[in-house]
Amino acid sequence: MTAEIPAHAPSHQIKVTHLLRKPAARHFSIERLFRAVAAKFPADIAVSRHVARFESRGFLRRVFIILEAARAKGDVLHVTGDNHFLAFLLPKRRTVLTIHDALTISRLNGIRRWLFVMLWFRLPMSRARIITVVSEETRTRLRSLGLGDQADIRVVPNCNVANYPPHPKPFSVMQPELLLIGTNWNKNLDRVIQSLRGVRCRARIIGNLSEAQIKSLRDQQVEFSVAGRLSDAEVLDEYRRCDALIFASLEEGFGLPILEAQSVGRVVVTSDRSSMPEVAGGGAELVDPTSTESIRGGILRIIHDEAHRKALIERGFENVLRFDASRVAEQYAAIYREIAAGQAPY
């Protein structure tokens, strides 16, 4: 555990411990988020990091990291996400729990669903004095599932971690490059591929394609290229080279690529549901992700309607200001102060 304390600290600081998972390979999003936020905390907040020694796999390892987390010190103990069960043995009056999404629940059934809900949501939420979620969509979903009905659940959005600088680029109307990020079930790639049939464009896909997805791209006669694991610099290059981001997911806990594309100055097509309209903030073309006709119509509109495209880009620049790391840090700092002062309800 290493302290990260401002050089010119005030005489009284609130000592906060961020409890973090040990990230699995290629999964560092939560860690990057809270590093960016911690760097912007005001001087009265002193942050230490407690990283789990093991990945969240297997019963014994999970028991060990729960016991290890119980030894964490601080005025405020903040379980930053994913390993929600680290809250089991923490003192409720000093604990904050952040929930990034509840998407997995809808894909489970029977005893597996019951156990997952109980161990990852219901019990951890009962051990937190304040719960934060990254979007109103996530709070609504938790309430709809009967989770945390009496809990203090507050929305604190993710910050725009990368904070890419604007990179102007003429839009290639004749053959735009459309950036598609992610190939998992919720990314809705199959419908997006179908919507591109007959559209003169190049699809640039970030992720690992299945044989079925490759076949679909060829069947729909879509020109495409694929990139796998990318560095941060390479991701930025992808945003700079593309003409538009197509992010028509079925579900998202947040939707960070929307902000990344808006920061660079790229027009965005995204879904009209889940957290995406909330994150896009009026700076994206919204489509029905269950309708290939709607997705196709949105793509064609941003290609051929120059005035509309430019208006979306300008609104995107305005929107990303809401997610500045300093603003998000101040929201968390206010929660920490409230807990340290003993003002939050139990």
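No lab work stands behind these numbers, since they all come straight from the coordinates. As the structure is a prediction and not an experimental result, all values here were calculated from the model. Here the Cβ is made from the backbone with ideal geometry for all residues, glycine too, and neighbour counts use every protein chain on show.
Starting at 0 and stepping by 10 Å, how many percent of the alpha carbon pairs of region 177-322 end up in each bin?
Pairs per bin, as whole percents: 12, 46, 36, 5, 0.
How much length is gained if the chain between E136 and F171 is pulled fully straight, taking 0.36 nm per residue apart and subtracting their Cα-Cα distance, in nm to one decimal? It would help to have the intermediate numbers written out before the result.
Working: separation 35, 0.36 × 35 = 12.60 nm, distance 3.32 nm.
Extending this stretch completely gives an extra 9.3 nm.
Would you kindly compute the Cα radius of gyration of the chain and its largest Cα-Cα separation (Dmax), both in Å?
When restricted to the Cα atoms of the chain, Rg and Dmax are 21.3, 67 Å.
Rule-of-thumb check for region 281-338: C-alpha Rg over 2.2 N^0.38 Å? Could the numbers behind the result be given before it?
Numbers: Rg = 16.8 Å, N = 58, 2.2 N^0.38 = 10.3 Å.
Against the compact-globule rule of thumb, the ratio is 1.63.
Please state the shape class of region 240-298: rounded when a/c is under 1.5, otherwise prolate if a/b exceeds b/c and oblate if not, all from the C-alpha gyration tensor. Mind dumping the intermediate values first?
Values: a/c = 1.97, a/b = 1.24, b/c = 1.58.
It is oblate, given that a/c is not under 1.5 and a/b is not larger than b/c.
Tell me which lysines have Cα within less than 19 Å of K215's Cα, excluding those fewer than 8 residues away on the same chain?
K187
Would you mind getting the Kirkwood hydrodynamic radius of region 144-183 from its Cα pairs, rounded to one decimal in Å? Mind dumping the intermediate values first?
Working: mean 1/r = 0.0639 Å⁻¹.
Answer for region 144-183: a Kirkwood hydrodynamic radius of 15.6 Å.
Determine the distance separating the Cα centre of region 180-197 from the Cα centre of region 247-306; give it in Å without decimals.
13
Enumerate the calculated ³J(HN,Hα) couplings along region 71-86 in order (Karplus 6.51 cos²θ - 1.76 cosθ + 1.60, θ = phi - 60°), each rounded to whole Hz, writing x wherever the residue is Gly or Pro.
Calculated HN-Hα couplings, in order: 8, 5, 10, x, 5, 9, 10, 10, 7, 7, x, 6, 7, 4, 5, 4 Hz.
How much length is gained if the chain between V155 and T290 is pulled fully straight, taking 0.36 nm per residue apart and subtracting their Cα-Cα distance, in nm to one decimal? Walk me through the intermediate numbers first.
Numbers: separation 135, 0.36 × 135 = 48.60 nm, distance 2.72 nm.
So the extension gain works out to 45.9 nm.
Hey, what angle do you get for helix 59-69 against the long axis of the chain, alpha-carbon based, 0 to 90 degrees rounded to 10?
Once rounded, the angle reads 60 degrees.
Scan region 26-66 for trypsin sites (Lys or Arg not before Pro) in coil per DSSP, keeping those whose Cβ has at most 16 other Cβ atoms within 10 Å, and list them by number. Intermediate values should be presented prior to the final figure.
Working: sites: R26, R32, R35, K40, R49, R53, R57, R61, R62; in loops: R26, K40, R53, R57.
For trypsin sites (Lys or Arg not before Pro) across region 26-66 that sit outside H, G, I, E and B with at most 16 neighbouring Cβ atoms in 10 Å, the list reads R26, R53, R57.
Taking amide H atoms as placed 1.01 Å from N in the peptide plane, list the residues 5 or more away in sequence, or in a different chain, whose amide H sits under 5 Å from that of L20.
Under 5 Å from the amide H of L20 lie the amide H atoms of H50, V51, A52, each far enough along the sequence or on another chain.
Return the percentage of antiparallel bridges among DSSP beta bridges fully within the chain, rounded to the nearest 5 %.
So the antiparallel bridges amount to about 5 percent of the total.
Ranking F116, F85 by Cβ neighbours within 10 Å, fewest first, what do you get? Mind dumping the intermediate values first?
Details: F116 15, F85 21.
Taking fewest neighbouring Cβ atoms as first place, the list is F116, F85.
What ranking of H308, H78 emerges when the number of other C-beta atoms within 10 Å of each C-beta is taken as an exposure proxy, fewest first?
H308, H78
For region 25-134, build the convex hull from the C-alpha positions and give me its volume per residue in Å³.
On the way: hull volume 12.7 nm³, N = 110.
That works out to 116 Å³ per residue.
Straight-line reach from K92: which lysines have a Cα under 17 Å away, not including same-chain ones fewer than 8 places off?
Within the straight-line limit of under 17 Å, K92 reaches these lysines: K15, K73.
Only Cα pairs under 8 Å and at least 6 apart count here; give the relative contact order of region 177-322 as a rounded whole percent. Intermediate results must be reported in sequence, preceding the final value.
Values: 280 pairs, mean separation 33.7, N = 146.
Reported as a whole number, the value is 23 percent.
Summing Lys, Arg as +1 and Asp, Glu as -1, what charge do residues with Cβ under 14 Å from the Cβ of Q220 carry, Q220 excluded? Provide the component values of the computation, followed by the final result.
Details: positive: R191, R197, R200, R202, K215, R218, R296; negative: D190, D219, E223.
Local net charge: +4.
Over the chain, what relative contact order in percent results from Cα pairs under 8 Å that are six or more residues apart?
Working: 669 pairs, mean separation 55.8, N = 346.
Relative contact order comes out at 16 percent.
Taking θ = phi - 60°, what integer Hz values does the Karplus form 6.51 cos²θ - 1.76 cosθ + 1.60 yield along region 124-141, in sequence order, with x for Gly and Pro?
x, 5, 6, 9, 10, 6, 10, 10, 10, 10, 8, 7, 4, 4, 5, 4, 4, 5
What is the order of I181, I214, fewest Cβ neighbours within 10 Å to most? Mind showing how you got there, number by number?
On the way: I181 23, I214 14.
Ascending number of Cβ neighbours within 10 Å: I214, I181.
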